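S.K.: So that we are looking at the same thing, I have put the structure below in structure tokens.
FYI, it's all coordinate maths here, none of it is from the lab. Quick caveat: nothing in here was measured; it's all calculated off a predicted structure. Please note: Cβ atoms are built from the backbone with ideal geometry, for glycine as well, and neighbour counts cover all protein chains shown.
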Amino acid sequence: MEFNARDVNESVGSLFSRVRSAMANMMNQRTTCELGITGTQSSILFMLWSGKCLLAAELAREFGIDASAVTRRIDLLEARRLLRRVRSVEDRRVVRLALTPEDAAMAARVPAIFANVVDRLLSGFTPEETGFLKSMLRRVLANSGDLAGLTHDAALYLEKKTH
């Protein structure tokens, strides 16, 4: 079979990658403009605000990155006073992550920003096409054996709120 760069650009893997990149870039632009933080930082705040992740280890699992990478991100957010570490009174080894009321208000804005980005990406899709796309993506996630991705959780949350 002859290699064709055009075929590579139209492969499912390439299309997945390009859509993910476009969505991440759009999210990053919006959160930077509206909140003054990056898309990744906003995702961390969202996970804390939603109660899904309250520990660094939970964030590492959710993002699929190592603990040291999460710690660096948490350090940056803590330095900007966007979250704080709180040692558990029950077990001093456990350090929870917490938001101040101001930070929680910022995190509460993230779902609307995310929904806006998704709405823009799905502009022109009928409700049936959107439903079909979501069912196909759920099947892809099920095939991967990993249904716990951040984007998946955010999408499910927003699906309940916006559709």
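S.K.: Specify the angular offset, from 0 to 90 degrees and rounded to the nearest 10, of the alpha carbon long axis of helix 110-121 from the longest principal axis of the alpha carbons in the chain.
M.R.: 10
S.K.: Specify the longest stretch of the chain that does not include any exposed loop site, a site being one of the trypsin sites (Lys or Arg not before Pro) with a non-H, G, I, E, B DSSP assignment and at most 14 other Cβ atoms within 10 Å.
M.R.: That would be 1-79.
S.K.: Length gain on complete extension for the stretch residue 29 to residue 141, per 0.36 nm per residue less the alpha carbon to alpha carbon distance? List each step's numbers first, then the result.
M.R.: Working: separation 112, 0.36 × 112 = 40.32 nm, distance 2.65 nm.
Length gained, residue 29 through residue 141: 37.7 nm.
S.K.: Relative to the longest principal axis of the chain, what angle (0 to 90°, nearest 10) does the C-alpha long axis of helix 127-144 take?
M.R.: That works out to roughly 70 degrees.
S.K.: So, one more: Considering all projection directions equally, how large on average is the shadow of the alpha-carbon convex hull of region 12-162, in square nanometres? Intermediate values should be presented prior to the final figure.
M.R.: Details: hull surface 40.0 nm².
So the mean shadow area of the Cα hull is 10.0 nm².
S.K.: Alpha carbons only, please: Rg and Dmax for region 36-99, in angstrom.
M.R.: Cα only, region 36-99: 11.0, 35 Å (Rg, Dmax).
S.K.: Oh, and also: Report, in deg cm²/dmol and to the nearest 500, the calculated mean residue ellipticity at 222 nm for the chain, where each DSSP H run with n ≥ 4 adds -39500 (n - 2.57) and the sum is divided by the residue count.
M.R.: On the way: 9 runs with 113 residues, N = 163.
-22000 deg cm²/dmol, from helical runs alone.
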